[in-house]
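No value in this document is a laboratory result; all are computed from the given coordinates. This one's a predicted model, so the numbers in the text were calculated from it and none came from an experiment. Cβ atoms come from the backbone with ideal geometry, glycine included; neighbour counts cover every protein chain shown.
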Amino acid sequence: MELLMAVAVGILFTIGIYLILSKSLLRIVLGTSLLTHGVHLLLLTMAGLKKGAAPVLGGTADTYVDPLPQALILTSIVISFGVTAFFFVLAYRSYQTLGTDEIDSIKEEKE
Amino acid sequence: MSNLLVLPVLIPLATAVILIFFKEKIRLQRGISTTSGLLNLFISVFLVQRVHSEGIQTLQMGGWAPPYGIVFVGDMFAVLLVMMASLVSFAILLYSFSSIGAERERFYYYSFFHFLLVGVYGSFLTGDIFNLFVFFEVMLISSYALISLGGTRLQLRETSQYLLINIVSSTLFVAAVAYLYAAVGTLNMAHLSLRIAEAGQNGVLNVIAILFLIVFSLKAGLFLFFWLPGSYSAPPAAVRALFGALLTKVGLYAIIRTFTLLFVNDPGFTGDWIAWMAAATMILGGLGAVAYKDIPRILNYNVIISVGFVAFGLAAGTADSLNGAVFYLLHDMLAKALMFILGGMIITAAGTDRLAGMGGMIRRYPLLGWMFFILALALVGIPPLSGFAGKLLIIRGALDAGMLTLALIGLGSSFLVLYSLIKVFRLAFWGDDPEIVVPKTKRGMKGTSAVAAVLLLLLVILMGLKSEAVYTYVSQAGEVLSTPALYIESVMKE
């Protein structure tokens, strides 16, 4: 299972970085989104994939999963949603104002 | 236990939320912001006194004892930075009243300002590495909003770059936290320090240490500063002052905290890396400051030089140089805020940010000119002003540690600072009025912005004259940095 997760993380990182290196701002936003998803899976995997019951008060089971990574990922997902939403709005606004979403032509433009 | 520690985070948070409801009432917004700023200043001064007399204060959220719960830790280093940040942000608030413009004020400028402060104070006070990430993000997302607020072409262009850099570095931050949690199984900083010491900081932990160094260096502009000069040039002067004075300093705080508390067991390895990065930062930043001929870029490269200098104090790692790093960090927050405020005033007065379009301003703005001159001396480190004591301590500590080359680079960077700032002074204030006609305004120094500048300048002078008194507080902060056991003990007790 860990091996599968590691491969999944690797694939997400690869695609994310590939998209970030492209020219269109929209692809870059999607790339950052995939990159953060990859890192969330990494966080889950690094904390150890255990089979066990949910750590709820009053429950009885032999093993419990570690709840901390889930809590961290939840926080991190919320943050990444916020940032991605902001990036999309920014990309849209840049497209409206600058008339293009190609990174190169945004850069070249003089004031 | 001290519930007071949560107030520096809670007050700006509440203020920012309240301000959202008064979108159109600009005077009311200003009033609430000022009150909140003063209140925060008062509380942070009180906290400094409390820590001075009673030692490190901790707050366990919800009563969960560490390492299980989340803690806020107010050691001297953190509360001094909180105090200086609230002082500086108050002055910048005064400056924004007269410079930011009604359009931005109506679009939640003050709300974003206070949200940014939540992130800054929270990063200083938290004792948990994942919470540090969260507060970093609170700070960064407000800074994205502030940098793009106004939506000019330049701003939109630079924001996408700034945003991308920070998303990538935040991703690396989460990855570093994941690896750290896998390696030692805790996230509380005091507990981490214990566990890492037990594990002996072997190969894996050194890799994690370098990963953290890369992440924080990207935020602080230590060596990995390629994004900084462009991004910090885009927003208006008040926002630039806020970024230059606070954002890079939070990154530096994180570097200092991580490498004096967590990864202290292999100083030869990480110390060398930090030393090389500091040297490169000072040299490259100095060259940049000398090379450019527009005020925003010259000032931005000056920010980079001082980041390198503080990191150099950390790399030397002696008690003296750590005290010096704290002292210099405090001085630098004051002086950089003042520098950007004065720079903004010069740009407003001249109607352009190119030095080629300026000249002869000493006749129209004598006070502004002399204030800039005194500030230049303070940044270089001329004795009665605030930059001297920190610089002296860092250099002395570095010489004790046998880092002669770095000390020479540090001193050399001071000359580049002097040259670049005197170039601004000479071209903007001396000589004749420029031949290129630019629209002149008489609004360079009016009302609250002059108050802000004079307040900061007085503090720069006072901090220099009273460096003995400041040193008693600074040495208390440095003591915790050089003896991490003090920090661990006060967090893990009970």
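With only Cα atoms counted, the protein assembly as shown has Rg and Dmax values of 23.7, 85 Å. Residue order for A:Ser24, B:Ser490, fewest other beta carbons within 10 angstrom first, comes to A:Ser24, B:Ser490. Within the range B:202-357, the proportion of Cα pairs with more than 25 Å between them is 30 percent.
Model label points for B:Ser53 and B:Asp266, set 7 angstrom from Cα along the Cα-to-Cβ axis, are 4.5 nm apart.
Phi-derived couplings, Karplus 6.51 cos²θ - 1.76 cosθ + 1.60 at θ = phi - 60°, listed residue by residue for the range B:201-218: 6, 7, x, 4, 5, 5, 4, 4, 4, 5, 4, 5, 4, 4, 4, 5, 5, 4 Hz, with x used for Gly and Pro. Across peptide B:144-157, the mean count of Cβ atoms from other chains lying within 10 Å of each residue's own Cβ comes to 3.
Amide H contacts of A:Tyr64: A:Ala53, each under 5 Å away and 5 or more positions distant or on a separate chain (H built 1.01 Å from N in the peptide plane; Pro and chain starts excluded).
The length gained by stretching the chain between B:Ile283 and B:Leu399 to full extension, at 0.36 nm per residue less their Cα-Cα distance, is 39.9 nm. Every Cα-Cα pair of the range B:91-194 was included, and the share exceeding 16 Å stands at 66 percent.
When the convex hull of its Cα atoms is viewed from all sides, the range B:239-297 shows a mean projected area of 4.7 nm².
Once the gyration tensor of the Cα atoms in the range B:127-268 is diagonalised, the equivalent ellipsoid follows with semi-axes of 32, 13, 13 Å, ordered largest first. For the range A:45-62, the Karplus equation 6.51 cos²θ - 1.76 cosθ + 1.60, evaluated at θ = phi - 60°, returns couplings of 6, 5, 6, x, 8, 10, 9, x, 7, 5, x, 10, 4, x, x, 10, 7, 6 Hz by residue, with Gly and Pro reported as x. Taking only the alpha-carbon positions of chain B and ignoring solvent, what does the Debye formula give for the base-10 log of I(q)/I(0) at q = 0.06, 0.09 Å⁻¹? Ignoring solvent entirely, the Cα scatterers give -0.24, -0.56. Among B:Ala291, B:Leu224, B:Phe259, which residue has its Cα furthest toward the positive end of the charge dipole of the range B:188-298, with +1 on Lys/Arg Cβ and -1 on Asp/Glu Cβ? Of the options given, the answer is B:Ala291. Computed on the Cα trace of the range B:272-417, the radius of gyration divided by the Kirkwood hydrodynamic radius gives Rg/Rh = 1.02. Between 0 and 90 degrees, the angle of helix A:2-20 with respect to the longest Cα principal axis of chain A falls at about 10 degrees. For the residues of A:77-89, the average number of beta carbons from a partner chain within 10 Å of their own beta carbon is 3. Each Lys and Arg Cβ is given +1 and each Asp and Glu Cβ -1; about its Cα centre, chain A then shows a dipole of about 140 debye. For the range A:1-96, the ratio of Cα radius of gyration to the globular rule of thumb 2.2 N^0.38 Å stands at 1.36.
Taking only the alpha carbons of the range B:36-103, we obtain Rg and Dmax values of 15.8, 47 Å in that order. Determine, at each q value in 0.24 (inverse angstroms), the log₁₀ of I(q)/I(0) that the Debye formula gives when each Cα of the range B:244-336 is one equal point scatterer. Log-scaled intensity ratios, in q order: -1.23.
Here the calculated FRET efficiency for A:Glu2 and A:Thr60, from their Cβ-Cβ distance with R0 = 30 Å, stands at 0.60, rounded to the nearest 0.05. Enumerate the residues in the range B:316-356 having an amide nitrogen under 12 Å from the point lying 7 Å beyond the Cα of B:Val451 toward its Cβ. Under cut-off, by backbone N: nothing. Set the Cα radius of gyration of the range B:341-484 against 2.2 N^0.38 Å, with N its number of residues, and you get 1.28. For the peptides B:399-412, B:381-394, the ranking by mean Cβ contacts within 10 Å, running from highest to lowest, is B:381-394, B:399-412.
Counting, for every residue in A:39-49, the Cβ atoms of other protein chains within 10 Å of its Cβ and taking the mean gives 4.
Calculate I(q)/I(0) for the range B:1-146 by the Debye formula, one identical point scatterer on each C-alpha and no solvent, and give its log10 at q = 0.11, 0.20 Å⁻¹ to two decimals. Relative scattering, expressed as log10 I(q)/I(0), comes to -0.41, -1.17.
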